[in-house]
1. Are any residues in segment 12-57 modelled with pLDDT of 95 or more, in a loop (DSSP other than H, G, I, E, B) and at negative phi, and if so, which ones?
2. If I ask for residues that are of a type in the set (A, V, I, L, M, F, W, C) and surrounded by fewer than 11 Cβ atoms within 10 Å (Cβ to Cβ), which ones from segment 38-78 would you list?
3. For segment 33-88, what are the residues that are of a type in the set (Ser, Thr, Tyr) and within 18 Å of the chain's Cα centre (by Cα)?
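The values are calculated or read from the model by the stated rules, or taken from the named source; none is laboratory data. These numbers come from a predicted model, not from an experiment. All Cβ positions, even for glycine, are placed from backbone atoms using ideal geometry, and neighbour counts span all protein chains on display.
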Amino acid sequence: MTVPAEQPQTGANSSSFYLAATTAAQAVSRPRFLTVAEAAKRLGVSASYVNAECRAGRLRHLMVGSRRRIGEIWLKEWVEAHTKGGRH
């Protein structure tokens, strides 16, 4: 049994139209994950420091294969936990 190949869509039903029609609320609700380098840049620290915090279990992260990803919300929580009580 042969399955017919899908034909690229054109016009109002195309995927580019769908992507353009995505609302801001939908885009905001999707979690954003950062690489270690991106997280380090936001914090103003080295990537090795971010990796060490992850390995020690102090910075929440997930592994995608062998690569570490840090949720923006997790990074924000880590910053808040390290700035409470006047620690700067």
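1. Those that are modelled with pLDDT of 95 or more, in a loop (DSSP other than H, G, I, E, B) and at negative phi: THR35, VAL45, SER46, ALA56.
2. Those that are of a type in the set (A, V, I, L, M, F, W, C) and surrounded by fewer than 11 Cβ atoms within 10 Å (Cβ to Cβ): ALA56, MET63, VAL64.
3. Within segment 33-88, THR35, SER66 qualify.
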